[in-house]
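First the structure, in the form of structure tokens, and then the observations on it.
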Amino acid sequence: MRRLKTYSAQSGYVYQYYYEGHRDFRAGADTGVEFVFSISADRKNWRATSVLVSQAAIREWEESHARQLSSTEWYAVAKMALFQAFDERTAPGQMKDEVRVRAADVDAIIETLGL
């Protein structure tokens with residue numbers, strides 16, 4: 001069952017979102033996991049937004065910390081990256097663009113989460 005969640009962004013918008021699922025992605029030489037969320041800033045208009053978590057970015061963190069991230073931790077990275085996009089993008093229309101998680105993002109997010 002999907003659960004509606006809410007996030008009050010630093011941009012001033014209050015977003016509602018559902019986690020829809022995940023799937024593998026390949027974009028050129030980049031591979032990883034695409035986490036898909038349905039989001040709305042007004043509860044009327046919904047759109048799918050993808051958060052692409054690069055395998056290379058995760059692998060870099062795992063190698064430097066000598067441990068693998070669990071699937072739950074991958075999801076946590078994706079969700080925090082979504083929140084960061086909510087905070088940084090100045091208008092809901094900008095959320096139509098996918099969110100890409102880079103190695104520096106993984107480091108910052110995992111440090112914030114205390115993992």
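Values in this text are rule-based calculations from the coordinates and carry no lab data. Everything numeric in this text was worked out from a predicted model, so none of it was measured. Virtual Cβ from ideal backbone geometry, glycine too; neighbours counted across all protein chains shown.
If you work out Cα extents along the principal axes in Å from the coordinates, which of [x] 41, 38, 27; [y] 45, 23, 22; [z] 44, 28, 28 do you get?
Calculated Cα extents along the principal axes in Å: the matching label is [z].
Give the angle, between 0 and 90 degrees and rounded to the nearest 10, that separates the Cα long axis of helix 103-113 from the longest principal axis of the Cα atoms of the chain.
The helix 103-113 is inclined about 70 degrees to the chain.
What ³J(HN,Hα) values, in whole Hz, does the Karplus curve 6.51 cos²θ - 1.76 cosθ + 1.60 give for region 90-96 when θ = phi - 60°, with x put for Gly and Pro?
Once θ is set to phi - 60°, the couplings for region 90-96 become 6, 8, x, x, 6, 6, 5 Hz.
Given H placed on each backbone N at 1.01 Å, which residues far from residue 20 in sequence or on other chains put an amide H within less than 5 Å of it?
So residue 20 has HN proximity to 36, 37, 38.
In percent, what relative contact order does the chain have, based on Cα pairs under 8 Å that are 6 or more apart in sequence?
After rounding, I find 24 percent.
Output ³J(HN,Hα) for region 70-78: one whole-Hz value per residue in order, computed from phi by the Karplus curve 6.51 cos²θ - 1.76 cosθ + 1.60 with θ = phi - 60°, and x for Gly and Pro.
6, 4, 5, 6, 4, 4, 4, 4, 4
Hey, fewest Cβ within 10 Å first, where do 35, 25 land in order?
25, 35
In debye, nearest 20: dipole of region 1-91 around its Cα centre with unit charges on the Cβ of K, R (+) and D, E (-)?
Details: 12 positive and 11 negative charges, 105 e Å.
Charge dipole, region 1-91, about its Cα centre: 500 debye, nearest 20.
Pop out the ³J(HN,Hα) list for region 45-50 in order, Karplus 6.51 cos²θ - 1.76 cosθ + 1.60 with θ = phi - 60°, rounded to Hz; leave Gly and Pro as x.
These are the phi-based 3J(HN,Hα) values: 9, 10, 9, 7, 10, 9 Hz.
Under the rule of -39500 (n - 2.57) per DSSP H run of 4 or more residues, summed and divided by the residues of the chain, what mean residue ellipticity at 222 nm is obtained, to the nearest 500 deg cm²/dmol?
-11000 deg cm²/dmol
By how many degrees, between 0 and 90 and to the nearest 10, does the Cα long axis of helix 55-65 differ from the longest principal axis of the chain?
50 degrees
For residue 99, which sequence-distant residues (separation of 5 or more, or a different chain) have an amide H within less than 5 Å of its own amide H, given hydrogens modelled in the peptide plane?
50, 51, 52
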